[in-house]
Every structure is written in structure tokens, then in C-alpha cells.
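Notes to accompany the following structure.
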Amino acid sequence: MNDADVPAFLAAHGLPGIVDLHTHFLPEPVERKVWAYFDEAAAHYGVEWPIRYRVPVDERLAVLRGLGVRTFAPLVYPHKPGMAAWLNDWVADFAATTPGAVPTATFFPEPDAADYLAKALAAGARVAKSHVQVGRYDPRAPELDDVWGLLAEAAVPVVVHCGNGPVPGEFTGLDVFGQVLARHPRLVAVLAHAGAPDHAEALDLLARYPGVHLDTTMVGVAFNGADRRLPPDWAARLADVADRVALGTDFPNIPYDYAVQLEAIASWAAADDRLGDAFLRAVLVETPARLLALGSSAHSEHAAETS
Ligand SMILES: [Zn+2]
């Protein structure tokens, strides 16, 4: 399946539009740096990573609309201190002026983290992003204790890249993030990339903590052998947590068609009788919409109307 097939695919499954919990839009100078990093992917990740949607923002938004992505979370993340509050302001503006984009937030372990995160939540941020690998920080840092507390209290989900893929970082690993969960058991944490490559451990965290979810970003795709790293009983195990899996894609920074991700999810849905179309609808629409609290504010109604 390629992108041209997506509208027919969605129609065949009775899905008028989908919700993507994990995309990236960044201020242009930051985006340029991120893309320069992907240009050197062979050195960093041992594989070429040609970005499929390396086009101007307007064209990217048109691609999402054409694919039936009705609402999406543009996730931002800092790689150094003193950057997160600025990213939060930028993404608030971006979401306010971009149909379909919900406001998001991020943070870094630094003294004012809880202050600027509280401000972002008060301003309407629907989801936060923590990138433990790129940020190279310890999610257990004392400056983040109030941050996790605020998110848990507000029941605002946080998409956490805390797994050891594509390459391990000093503080990656689900065991490390598991300690944050032990301290903040009500946290609505979405394990980005379904915890790749430690998918079985990710599922263990879901079994232990009812607020923990998975996103599908780059999971089960052929690129870089990601499909071969899934546990053999993946679909069966998803049946136990079918309402805690949300569409994420890493659009635009993926080296393949967006459709490839949808095809992977559809293959899991088809692999177990307990999944099927209900699972597909949950992953592509219902669960990301619930996590983003769509339908509960003027903003999301606006987003739905204009996209
Ligand atoms: Zn991402």
C-alpha cells in the first residue's frame, strides 16, 4: 500500500478520518538541524534515512489532509537546557494557526521546568513530549519530579521516548522509566515506538499501570528490520490492551510512505480475531482522540470543522 491508497483503505474500514498522536513540527532552524542529523543517519544509526516528507510546511499539511489525518499532535522536544519554554511558545502559536494541530508541550530537567509546563498546560496543551534519548537526561531527575506530578494530576498524556531504540542513550531503557512510573503510578504515559526494541517489557508496563499506553510510531514496518523485532505473539498480546494503543507515525521524518504504518497496524488487526476493525478504529481514531481529549473543548471542535 502507498499513500495514494489510503483514502480507499480508510473508506473500506468505515473510518472518515484519523488522529495521529506522534508527528513532529519544529521551528525552522531546529528542523534544519534535525534533518541534517538524519542526513548523517548512516553514521548515527547505521542505516540511510531519507526523509520522505522533506517539503515545506504547507505541503506537509496538505499531505496529512490528503491522507485523512483530521487531527494531529505536533510534538516538539529540546536537546539542551533553556530551549523547552521557547519551543512551547512556538508550538502554541503553530497549533493556534494550523487547522488540525493540537497544542503540545515539552520540558527538560531544569529549575523552571514545572513553571513553564504548568503555564503550557494552563494555556491548553493537550499532550507533552519527553525525549530521553535525544535530550540525554535522566527522567528520574529531581527537577522533573513536579513535572511528572503535574502531568499525572492533570491527566494530560506524555509521549515518552524512553526505549533503547534506535540506539540506546545513557538514560534510556524501560527499567529506568519504570522507576518514574513507580513514583507516579497514575501518569498517562504513552511509550513512543511501543518501547522499541523492548516491546515485551513495554507490554509488562501496560499490565502493571493502567495509565500507560503505546504509540505505533515506526512499529512493525519493514524499515531497519523493525517488523522482525516484534514478539511472535504481538497481535494476541495487543488484544489485552486494545484500548491503549494509539496511532503515531513520526511524520514527516520517516523514510517510507505514511501508508506503510497504517498497513502494519491493519496487519495486526487482521492477525487476531479479537482485534479486527474495532481495533483498527480504536488505534486510528478513538484512543488518540481520547488521549487528546478531542470533543471536550472549543479548540477540538474547531480542529474537526476546519480539517
Ligand atoms: Zn518522534
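Structure notes:
- Once region 135-164 is narrowed to residues that are of a type in the set (Val, Ile, Thr) and away from the ligand (no atom under 16 Å from the Cβ), the residue that is surrounded by the most Cβ atoms within 10 Å (Cβ to Cβ) is Val147.
- Picking from residues in region 145-174 that are within 20 Å of the chain's Cα centre (by Cα) and assigned to a helix (DSSP H, G or I), the one that is nearest to Thr249 (Cα to Cα) is Leu174.
So that you can scan it fast, the table gives a plain yes or no per residue for (1) in a loop (DSSP other than H, G, I, E, B); (2) farther than 30 Å from Ala12 by Cβ; (3) aromatic (Phe, Trp, Tyr):
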position: Pro74; (1), (2), (3): no, no, no
position: Pro78; (1), (2), (3): yes, yes, no
position: Gly82; (1), (2), (3): yes, yes, no
position: Asp89; (1), (2), (3): no, yes, no
position: Ala96; (1), (2), (3): no, yes, no
position: Pro99; (1), (2), (3): yes, no, no
position: Tyr116; (1), (2), (3): no, yes, yes
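- Any hit, region 43-56, residues being more than 22 Å from Trp86 (Cβ to Cβ), within 16 Å of the ligand (Cβ to nearest atom), open to solvent by less than 90 Å² (accessible area, probe 1.4 Å) and aliphatic (A, V, I, L, M): yes
- Those residues of region 3-42 which are within 16 Å of the ligand (Cβ to nearest atom) and more than 22 Å from the chain's Cα centre (by Cα), in sequence order: none
- Residue that is nearest to the ligand (Cβ to nearest atom) [pool: residues in region 214-238 that are under 23 Å from Leu291 (Cα atoms) and in contact (Cβ under 8 Å) with a residue 40 or more places away in the chain]: Thr217
- Scanning region 5-38 for residues that are loosely packed, with under 14 Cβ neighbours inside 10 Å and farther than 17 Å from Leu75 by Cα yields Pro7, Ala8, Ala11, Ala12, Gly14, Pro16, Ala36.
Yes/no matrix, rows are residues, columns are (1) farther than 24 Å from Thr71 by Cα; (2) in contact with a helix residue (DSSP H, G or I) (Cβ under 8 Å, 6 or more places away or on another chain):
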| position | (1), (2) |
| --- | --- |
| Ala118 | no, yes |
| Arg136 | yes, no |
| Leu144 | yes, yes |
| Ala152 | no, no |
| Ala155 | no, no |
| His161 | no, yes |
| Gly165 | yes, yes |
| Gly169 | yes, yes |
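- Residues that are open to solvent by 20 Å² or more (accessible area, probe 1.4 Å) and within 12 Å of the ligand (Cβ to nearest atom), drawn from region 120-134: Gln133, Val134
- Of residues in region 245-260 being within 15 Å of the chain's Cα centre (by Cα) and either of a type in the set (A, V, I, L, M) or over 21 Å from Asn164 (Cβ atoms) (or both), the one farthest from the ligand (Cβ to nearest atom): Val245
The values are calculated or read from the model by the stated rules, or taken from the named source; none is laboratory data. Owing to the predicted nature of the structure, the values given are computational and were not obtained by experimental measurement. Neighbour counts are summed over all protein chains in view; Cβ atoms, including those assigned to glycine, are modelled from backbone coordinates with ideal geometry. To get the accessible areas, we keep the full protein, side chains included, count just its heavy atoms, and leave off ligands, DNA and RNA. Shrake-Rupley method; radii C 1.70, N 1.55, O 1.52, S 1.80 Å.
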